[in-house]
Structures are given as C-alpha cells and as structure tokens.
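The structure under discussion appears below in the form of structure tokens.
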Amino acid sequence: MPRFPNSAGERNLHSPTVAQLYRPAKAILTNTSCLQALNHFLGDGDLYALPVVDHLDIAHTLIDRHNFVEFFSRPFIREVHGKKSIANFMAHRPSGFKFSAPIIVDAGTSIDDVAQIIIGAGMQHMVSGFIVTRDNKYAGVANGHDLLNEITQRKQAELYYLAHHDQLTGIPNRMLFTDRLTQACREAMRLGTLVGLMFVDLDRFKQVNDSMGHRFGDQLLRAVTERLSACARDCDTVARLGGDEFAILIDNLKHADDADTFAQRIVDSMRQPFQVMGRELIISLSIGIAIYPRDDTEVGALLSKADAAMYEVKANGRNGFRAYIPGLSMYSLERMSLETDLRNALDNGELVLHYQPQVSLLNDQVVGVEALVRWQHARHGLISPAHFIPIAEESGQIIAIGKWILRQACVQHRAWLEIHQTPLRMAVNISALQFRQADFSREVRSIIDETGMDPYFLELELTESIVMQDVGTVLDTLQDLKQLGVRLAIDDFGTGFSSLSYLRRFPIDRLKIDQSFVRGIEQMPVNESIVRAIAALARSLSLEITAEGTETEAELALVRECKCNEAQGHRFARPMPAQEFLAWLDSYKRDYVIRDFFEPYAAALG
Ligand code: C2E
Ligand code: MG
Ligand code: MG
C-alpha cells in the first residue's frame with residue numbers, strides 16, 4: 001500500500017511561504033475522497049501525485065508535462081478537467097513518472113504569484129509536476145522549471161509589446177517605427193519602389209497642455225491618433241515618437257507626389273473640431289516629408305530630413321506640410337552653439353556631479369548614491385543631462401566627459417570615506433559610446449587604481465540598449481568588468497527590449513525599473529503587475545531591484561509591496577551637490593532614528 005503524503009512533498013508544503021500565504025495543502029491531503037482516489041492508483045515510489053481537484057477537492061485528473069503545456073497556454077481550463085480519468089492516466093503514464101505533492105493556490109491567483117510560491121517553496125528546479133487547481137477556476141501547473149520558462153517567455157512578449165508601443169495611444173513607438181522604416185527601405189531597394197516618411201508635429205500643443213491640463217492633453221493626443229490612423233491605409237504605419245510628435249510610414253509609394261496628397265488630406269482632416277472632455281477645439285499640425293531613396297538612403301538621415309522639413313513648416317507659420325529639399329538646415333542654431341560650448345565645458349570646470357540617494361526598502365537606510373552630471377553653463381544656467389548628453393554622444397565628446405565623471409565620482413567616494421566610515425555604493429551612468437570603446441574595462445581599472453576606489457562600492461549603470469547589441473562582445477566586456485570587482489546595473493529597465501534569456505547569462509547585479517512604470521503605479525494596475533513581474537523575475541535570477549523615480553508615499557508603499565529591494569526618487573531627495581548631500585544624509589539619519597526608535601516610545605507614553 002503506498003504511503004501518502006510523501007516526505008519530499010511535505011517539506012515543500014510546509015515551507016513558510018506557502019503555509020503562510022495559502023491554505024495549507026494538508027487540507028486536501030486529508031480529504032478522504034481525494035486520498036482514496038490517489039491511494040487506489042499510486043504505485044510504489046517516493047514521490048506522489050499531482051491531482052487536479054474540483055470544488056469538492058476530489059482529484060479527477062493527474063497532470064503530465066504534456067498536459068501542462070496545453071493547459072497553461074489557455075487562460076481557463078475547465079475543458080481540460082476530466083479529459084483523462086486517473087485510471088486512464090495511470091494506466092498509460094510513462095514509466096518512471098514521479099509525482100510530488102500538490103500546492104494549492106486560490107482561484108484567481110496570478111501567474112506571477114504562482115511563480116513566487118514556487119520560488120518561495122524552493123521548487124523551481126523540480127522536474128515532476130506539482131501544482132493544482134481549486135474551484136475549477138484556476139489551474140496551476142506542472143513543473144517549476146517549465147513554469148518559470150513559460151513566465152520568462154510571457155514577460156518577454158509583454159516587455160516586447162511595451163517596448164514597441166506607445167503606452168498612451170497603443171500605436172507603435174519610435175523603436176518599432178524605425179524598425180519598420182528600415183524594413184520598408186530594404187524592400188523598396190529590392191523592388192525599386194519609393195517609401196514616404198512623414199514627421200507630424202501638433203502646433204501649440206504645449207499651450208493646450210499647460211492651459212487645459214495633462215488629462216485633456218492625453219485625450220487630445222488619443223483623438224489625433226485616431227484621426228491620423230483614419231487617413232492612413234492599412235499598410236501604412238502611424239507611430240507616436242513622443243510628446244506631440246508622430247510619424248507616418250507610407251509604404252510602397254508610386255510617386256513622390258502621392259505623399260503630398262496624403263499630407264494634404266491629413267492637414268484637411270484637422271479642420272473638423274475635436275470634442276475632448278466636453279469641449280470643442282481645433283488644432284493644426286505641421287508635416288515634413290522625406291522620400292526614400294530620393295532624399296537619402298540611410299534611415300537616420302532620412303528621419304533628420306523629414307524633421308528638418310517639418311521645422312521649416314513651423315518656421316513659416318505652421319499648419320501645413322512641405323517636402324525636404326537639399327539645403328534645408330539640419331541643425332538648429334541652439335544645438336550648434338551648445339555643441340561648441342560643450343567642447344570647453346570640461347576645461348572650464350563647468351561640469352558638476354550631483355548625487356541622489358538610493359534607499360534600502362528592507363530597513364530604510366541610505367545604501368548608495370547615483371552620480372548625475374549637470375552642466376553649469378555660463379549663459380544658460382544649469383543644463384540637464386537629458387539635454388546635453390545626447391549632443392555629447394553624437395559628437396563623441398562623451399568619451400572624455402564620461403571618463404571625467406567616473407573619476408570624479410570615485411574621488412568623491414574617497415573623500416566621503418574620510419568623513420563617514422560606512423561606505424555608500426556609488427552608481428555611475430555609462431553611455432553607449434563609452435562602453436563600446438575597445439579598452440573600456442582597462443580605463444575603469446586605471447581610474448580605480450588611480451583614485452584608490454574600492455571597486456566593490458562602484459556600480460556601473462548601463463542601459464538595456466547597450467547590453468542588447470552585439471551580445472558576444474558585450475558579454476566579454478561585462479565579464480572583464482566583473483573581474484575588476486565592480487557591480488553592474490541595467491538602467492531604465494523595461495523600456496528597451498531586453499532578451500530575458502540574455503539577462504540570465506549576463507553577470508548583472510541589479511535592474512533599475514524605469515520611472516515610467518513607477519509613476520502613479522498605485523493607480524495603474526498594469527504598471528503594478530509589470531513591476532511585480534520584473535521583481536519576481538529578478539529575484540529568481542538573484543538580481544537586486546531598484547524602483548526609479550519613486551516620488552510619492554503611495555508609490556513607495558506599492559514598490560515596497562512589490563518587493564523591490566531599493567527605491568530612488570524625489571520621495572527621498574532630488575539629486576544634490578556633494579556638500580548638500582552630506583547635510584541631507586545627516587538629517588535623514590536623525591529622522592530615521594527618531595521615527596524608528598523614539599516614536600514607538602512616544603506613542604506608548606501617549
Ligand atoms: P537616469 O540614469 O535614469 O537617472 C535618473 C534621472 O531621473 C535623473 O535625471 C534624476 O534626477 C531623475 N529622477 C530621480 N528621481 C526622480 C523622481 O522621483 N521623479 C522624476 N521625475 N525624476 C527623478 P537627470 O539627472 O536629469 O538625468 C537624466 C538622464 O541623463 C539619466 O537618467 C542618465 O541617463 C543621463 N545621465 C545623467 N548623468 C549622467 C552621467 O553622468 N553620464 C551619462 N552617460 N549619462 C548621465
Ligand atoms: Mg542611471
Ligand atoms: Mg534610469
């Protein structure tokens with residue numbers, strides 16, 4: 001007579017995570033009908049079955065790996081129940097098939113939570129099935145390894161979608177657009193046809209947004225998207241590049257003039273007023289057109305030319321379109337002068353680093369800082385990195401600037417060590433060009449040696465786009481860096497398109513979840529589930545996770561609940577000059593001590 005339950009199963013079932021969070025699986029194991037059914041069919045051997053149970057806890061299906069796959073790809077699996085009787089299954093089960101005891105999950109348990117239960121129970125490496133259903137509403141599944149793979153794939157599909165679509169309007173974003181444009185140009189070259197590219201920018205959108213509010217602005221952008229899409233054919237791609245900028249790809253164009261006709265149709269379509277939040281409003285737009293291969297054969301240049309044509313429309317009174325013609329100025333004056341000034345910025349000591357704290361969510365202690373560069377421009381004042389880093393990247397100046405930033409951050413770290421005994425981690429952003437230098441890891445090493453920085457406290461932040469290109473070379477560099485003892489983080493995670501299977505191979509220590517997922521997370525269930533999923537995944541890969549851009553108490557509470565390890569954002573502090581940071585740190589620590597050690601006494605004393 002077989003024994004029930006087995007020892008391996010019991011150990012898992014009694015792991016605190018499962019026992020605390022879910023009704024103990026004992027309940028089902030002591031159910032006589034279930035027991036009888038199982039006892040009847042189970043053979044010898046150490047491990048036991050995976051029963052699918054119905055609402056009376058009667059087991060009526062045993063799941064094998066094959067069933068799992070079938071099942072799991074459907075959201076609701078009522079029809080799978082009863083497909084195979086236990087007798088039937090047991091009679092034909094593969095030889096050597098072993099079962100483990102079930103975990104019971106509540107109906108409606110999300111896949112991410114199931115993953116957590118598995119990880120919590122230490123079952124991710126199990127290869128025989130173990131999960132279960134309840135109330136015919138939810139069927140969990142098979143083996144830990146398969147399940148985690150399935151989740152990885154789903155997340156990848158989810159992240160892929162997010163990375164390629166604009167969240168507000170649901171249409172393709174810049175990344176997907178550029179990809180389609182590249183494909184279309186390739187195809188056009190093969191067939192000898194034309195591709196039209198339009199840059200569309202709303203006129204005076206900023207004023208509308210400022211005066212009517214962001215919600216109104218968002219609704220208007222959605223309405224404009226609909227109208228643009230209605231003007232386009234099915235084979236065209238309408239994308240939102242950001243803010244109030246759209247782009248349209250006109251595939252398979254017969255004549256270059258057809259693009260003008262299309263643009264005119266769009267301009268005309270704007271004459272009809274929009275109805276937004278009970279108000280009526282007319283908005284115009286400016287369109288620039290470039291044609292492949294007439295204007296350029298390189299996609300980046302083609303985009304710039306459509307952009308230049310659009311600016312020409314803006315400069316000439318807006319509300320219209322024009323095609324690119326050779327000689328249109330490609331750079332704005334402002335940009336040209338910034339580029340020149342940037343050359344002297346380093347020599348003139350105009351660059352400074354500000355530091356933003358990173359706080360552990362385990363104990364609310366400050367555990368690190370991120371160094372963020374600023375440019376103190378003689379005429380324009382403080383210029384944000386978002387403004388000048390792209391210029392520095394395009395002009396190649398980022399190499400020298402990046403080197404200075406890394407050295408300066410290390411020097412600062414050493415200086416702080418003299419004052420504060422507890423070292424904080426120092427995170428430094430690395431740009432793509434910097435990372436791709438052949439001798440980047442050697443450069444890091446020499447800066448570490450020169451400044452006496454302890455590499456253990458140095459964390460380099462790389463973006464997804466850096467590590468996902470040319471994976472072989474990247475892996476070598478990452479490994480060289482790891483050899484030095486530094487830590488590696490992926491910045492703005494979730495916005496690019498990380499292949500999660502690569503992430504597994506990379507020696508990464510941390511994912512920094514992009515701010516766009518954290519902002520207003522408490523009101524956006526989709527963002528919450530993304531953050532939860534990324535955090536769950538990160539844990540299963542033993543990565544740490546930081547929630548960037550945590551601004552409010554509500555956001556903080558939620559990212560804490562989603563089990564992020566650390567948070568960074570205005571909720572704690574904005575980036576500050578080094579001097580200010582120390583003062584802030586002192587006052588933070590004082591508050592922390594008061595809150596955690598004295599307030600409970602104060603409360604107790606009334
Ligand atoms: P990042 O590395 O993702 O840095 C975080 C940015 O978010 C910083 O903007 C920071 O000031 C801002 N931030 C932090 N907390 C909050 C918050 O609660 N709410 C909001 N709305 N924003 C928050 P910053 O300093 O303007 O930097 C922008 C980007 O420029 C950085 O994004 C990074 O990609 C780049 N950057 C900054 N410093 C450097 C640098 O030294 N080297 C390189 N290569 N890039 C840098
Ligand atoms: Mg960063
Ligand atoms: Mg970031």
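Taken per residue, the accessible surface of region 448-520 reaches 38 Å², heavy atoms only and a 1.4 Å probe. Look at where the Cα atoms of region 223-247 and of region 443-495 average out, and the two centres are 39 Å apart. Here, P(r) means the percent of Cα pairs in each 10 Å bin from 0 to the largest distance; for region 334-585 it is 7, 30, 36, 23, 4.
For region 253-294, the solvent-accessible area works out to 52 Å² per residue, with a probe of 1.4 Å and every protein chain left in place. For the listed peptides 343-349, 548-554, a ranking on the average number of other beta carbons within 10 Å per residue, highest first, reads 548-554, 343-349. Working note: Cα gyration tensor of region 427-478, eigenvalues times five, square-rooted, sorted largest first, giving semi-axes of 20, 12, 9 Å. Only protein atoms count toward the accessible area here, which uses a 1.4 Å probe; on region 370-491, the carbon and sulfur part of that area reaches 51 percent. Its Cα centre serving as origin, region 241-394 has a Cβ charge dipole (Lys and Arg +1, Asp and Glu -1) of approximately 460 debye. Measure off, as a whole percent, the carbon and sulfur share of the 1.4 Å-probe accessible area of region 165-328, all protein chains present. Heavy-atom surface of region 165-328 belonging to carbon and sulfur, 1.4 Å probe: 47 percent.
Comparing region 244-386 with the 2.2 N^0.38 Å rule of thumb, its C-alpha radius of gyration ratio is 1.54 (two decimals). Taken about its Cα centre, region 334-585 carries a charge dipole of roughly 320 debye when the Cβ of each Lys and Arg holds +1 and the Cβ of each Asp and Glu holds -1.
Per the Debye formula on identical point scatterers at the alpha carbon atoms of region 165-328, with no solvent, log10 I(q)/I(0) at q = 0.10, 0.13, 0.14 Å⁻¹ is -0.34, -0.57, -0.66.
For the set Ser446, Ser286, solvent exposure ranked by accessible area (probe 1.4 Å, protein chains only) runs largest to smallest as Ser446, Ser286.
Sorting 580-588, 291-299 by their mean Cβ neighbour count within 10 Å, with the most densely packed peptide first, gives 291-299, 580-588. Here the label points at Leu382 and Glu187, each 7 Å from Cα along the C-beta direction, are separated by 4.9 nm in the simple model.
The values are calculated or read from the model by the stated rules, or taken from the named source; none is laboratory data. Worth saying up front: this structure is predicted, and the values here are computed from it rather than measured. Quick reminder, even Gly has a Cβ in these numbers, built from the backbone with ideal geometry, and neighbours come from all protein chains shown. Heads up: the accessible areas ignore ligands, DNA and RNA and are worked out on the full protein's heavy atoms, side chains in. Shrake-Rupley method; radii C 1.70, N 1.55, O 1.52, S 1.80 Å.
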